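Notes for the one structure printed next.
Each value in this text was obtained by applying a stated rule to the coordinates, not by laboratory testing. Because the structure is a prediction, the values reported are computed rather than measured. Cβ placement follows ideal geometry from the backbone for every residue including glycine, while neighbour counts extend to all protein chains displayed.
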Amino acid sequence: MLKIYNSLKREKQVFTPIEANKVRMYVCGMTVYDYCHLGHARVMVVFDMVYRWLKASGYDVTYVRNITDIDDKIIKRAIENGETIQQLTNRFIAFMHEDADALGVLRPDAEPRATEFVPEMLALIDKLQANGLAYQATDGDVNYAVRKFDGYGKLSGKSLDDLRAGERVEVDSAKQDPLDFVLWKHAKPGEPAWPSRWGDGRPGWHIECSAMSSSLLGNHFDIHGGGQDLQFPHHENEIAQSEGANCCSYVNYWMHNGFVRVDNEKMSKSLGNFFTIRTVLEQFDAEVVRFFILRAHYRSPLNYSDAHLDDAKRSLDSLYFTLRDVPAVLADIDWKNDFAARFAAALNEDFDSHGAISVLFELASEANRQKSGELSGLLKALGAVIGLLEREPMAYLQGGAQVGGLDEAAIEQMIADRAAAKKAKNFAESDRIRDELKAAGIALDDSPQGTSWRRA
């Protein structure tokens with residue numbers, strides 16, 4: 001029985017889909033004007049794990065993750081680069097897909113772009129104005145009147161007065177209330193614009209997700225996810241828009257993953273501790289990064305450092321050592337098996353990937369103890385459920401970026417030279433070769449069957 005921590009209700013709840021055996025899930029995606037960073041990596045990997053587990057649990061899942069391809073930052077960056085907005089966004093969408101593919105993230109069932117849904121956004125704003133929740137201000141913008149929506153603040157748990165006192169809000173005399181947010185921005189010279197009955201303009205950020213989610217999943221769907229930073233105001237505003245326009249409940253279960261921190265500080269460009277996925281993948285194997293993300297519970301803070309990634313690599317290596325030393329006998333997962341049952345129980349407890357991975361280590365230990373190919377096969381199969389352990393062991397252990405300019409042929413030659421030196425009892429030379437390989441990031445494993453190597 002799956003339980004999900006529902007941010008809206010602030011408690012774990014038994015998951016009951018609106019339609020039997022079907023799940024409709026929407027996750028806020030990327031604003032595409034730059035390379036994806038570690039925060040994006042966490043969102044992608046976490047909800048990929050959720051998607052995989054829902055499907056493994058027998059649900060027919062429709063997963064939508066949007067792309068924001070028009071906003072102030074995109075316009076500014078395109079002007080700076082001297083290119084069109086479409087050229088900029090297409091390029092970074094391609095980079096986003098490259099990063100996601102590297103991290104083993106399955107493509108969502110739909111990836112709507114905001115610019116493709118402007119008519120739907122305008123129709124939604126029409127409904128809001130008809131329902132008395134939207135107004136056109138003197139500056140031409142169409143705004144949402146938050147005080148006219150009774151449920152505003154239910155996701156953040158704050159009253160409107162609390163929000164006014166505690167949140168940084170835009171000071172705009174044209175608004176009826178400083179907390180009111182823009183639905184439709186009036187056109188500015190040189191900026192892209194679409195025609196509307198309120199004049200030429202472009203959509204506000206929040207209305208994008210309300211329109212895209214309702215268009216593709218219906219006005220009422222099961223799960224909405226995103227980073228903790230989006231809980232307020234973005235998701236709060238989505239609820240106000242969607243429920244205010246459609247006069248029905250919007251989402252049953254709200255999920256938010258925790259922040260990524262760097263050496264115990266929140267990751268930000270201003271602090272100079274901002275890491276793109278690409279930067280991290282220059283140093284660490286992509287599966288190590290995925291493992292690092294999944295080893296923490298999705299709601300907890302994730303503290304990034306080289307030391308934590310090194311530790312994650314050692315841990316993942318040990319699982320692959322088992323698969324190397326005890327060749328897997330592949331078979332369908334028997335969910336009645338104790339290890340499999342505990343693995344499933346962990347994921348059914350609010351997608352506790354940390355607990356599920358702990359079971360994998362217990363299983364690896366037992367597979368090694370018994371030298372059981374069946375248990376090793378179960379280890380590989382359970383890992384694959386959450387997108388881990390899907391490579392051949394030696395492909396993983398010898399994979400990653402070349403270190404020290406040594407390719408596979410050069411490494412194999414040095415291993416052969418070392419073996420010849422040992423045979424000639426030239427132990428100083430054999431030690432020198434081992435040390436040279438070690439300095440180049442290559443570890444040797446000697447066994448009665450010979451010497452194998454891996455990237456340390």
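Observations, loosely collected:
- Extension gain for Glu80-Leu160 works out to 25.0 nm (0.36 nm per residue, less the C-alpha to C-alpha distance).
- Using the Cβ of Arg261 as centre and a radius below 13 Å, the other residues enclosed give a net charge of -1, where K and R count +1 and D and E count -1.
- For Ser452 and Lys127, a Förster radius of 60 Å and the Cβ-Cβ distance give a FRET efficiency of 0.40, rounded to the nearest 0.05.
- Relative contact order of the stretch 3-127, pairs being alpha-carbon contacts under 8 Å that are 6 or more residues apart, as %: 29
- Taking other C-beta atoms within 10 Å as the exposure proxy, Met394, Met96, Met1 rank Met1, Met394, Met96 from fewest upward.
- Loop sites in the stretch 365-456: GluC sites (Glu not before Pro), DSSP, at most 16 other Cβ within 10 Å: Glu390
- Segments 10-20, 97-107 sorted - mean Cβ within 10 Å per residue, highest first: 97-107, 10-20
- Residue among Thr89, Tyr51, Phe351 farthest towards the positive dipole end of the chain, charges placed on Cβ: Phe351
- The helix-only estimate of mean residue ellipticity at 222 nm for the chain, built from DSSP H runs of length n ≥ 4 each weighted as -39500 (n - 2.57), is -14000 deg cm²/dmol after division by the residue total.
- Peptides 121-133, 218-230, 72-84, 199-211, ordered by how many other C-beta atoms sit within 10 Å of their residues on average, highest first, read 199-211, 218-230, 121-133, 72-84.
- The stretch 153-272 - percent relative contact order, Cα under 8 Å, separation 6 or more: 21
- Counting only DSSP beta bridges whose two residues both lie in the chain, roughly 50 percent are antiparallel.
- Theoretical gain in end-to-end length, Asp417 to Thr138 [0.36 nm per residue, Cα-Cα removed]: 92.4 nm
- Take each peptide in 235-243, 438-446, 29-37, count the other Cβ atoms within 10 Å of every residue, and average; sorted highest first, the result is 235-243, 29-37, 438-446.
- Kirkwood hydrodynamic radius (C-alpha pairs) into Stokes-Einstein, the stretch 257-410, 25 °C and 0.890 mPa s, D in µm²/s: 147
- Within-14-Å neighbourhood charge of Glu362 [Cβ basis; K, R +1; D, E -1]: 0
- Label-point separation, Ala307 to Thr16 (7 Å along Cα→Cβ), nm: 4.8
- A straight chain from Asp150 to Ser173 at 0.36 nm per residue would run longer than the Cα-Cα distance by 5.9 nm.
- Calculated FRET value between Phe259 and Ala424, using beta carbons and R₀ = 56 Å, to 0.05: 0.45
- Modelled this way, with points 7 Å down the Cα-to-C-beta line, the labels at Arg369 and Ala409 are 4.6 nm from one another.
- Magnitude of the charge dipole for the chain, about its Cα centre and with charges confined to Cβ atoms of Lys, Arg (+1) and Asp, Glu (-1), is about 560 debye.
- Share of pairwise Cα separations in the stretch 408-455, more than 12 Å, in percent: 60
- Antiparallel DSSP beta bridges within the stretch 11-153, percent to nearest 5: 30
- Percent RCO, i.e. relative contact order, over the stretch 401-456, from Cα pairs under 8 Å lying at least 6 residues apart: 29
- Across the stretch 96-110, coupling constants 3J(HN,Hα) worked out from phi with the 6.51/-1.76/1.60 Karplus curve, θ = phi - 60°, read 4, 5, 4, 5, 5, 4, 4, 7, x, 8, 5, 5, x, 5, 8 Hz, and Gly and Pro carry x.
- Rounded if a/c under 1.5, otherwise prolate or oblate - the stretch 149-240, Cα gyration tensor axes: oblate
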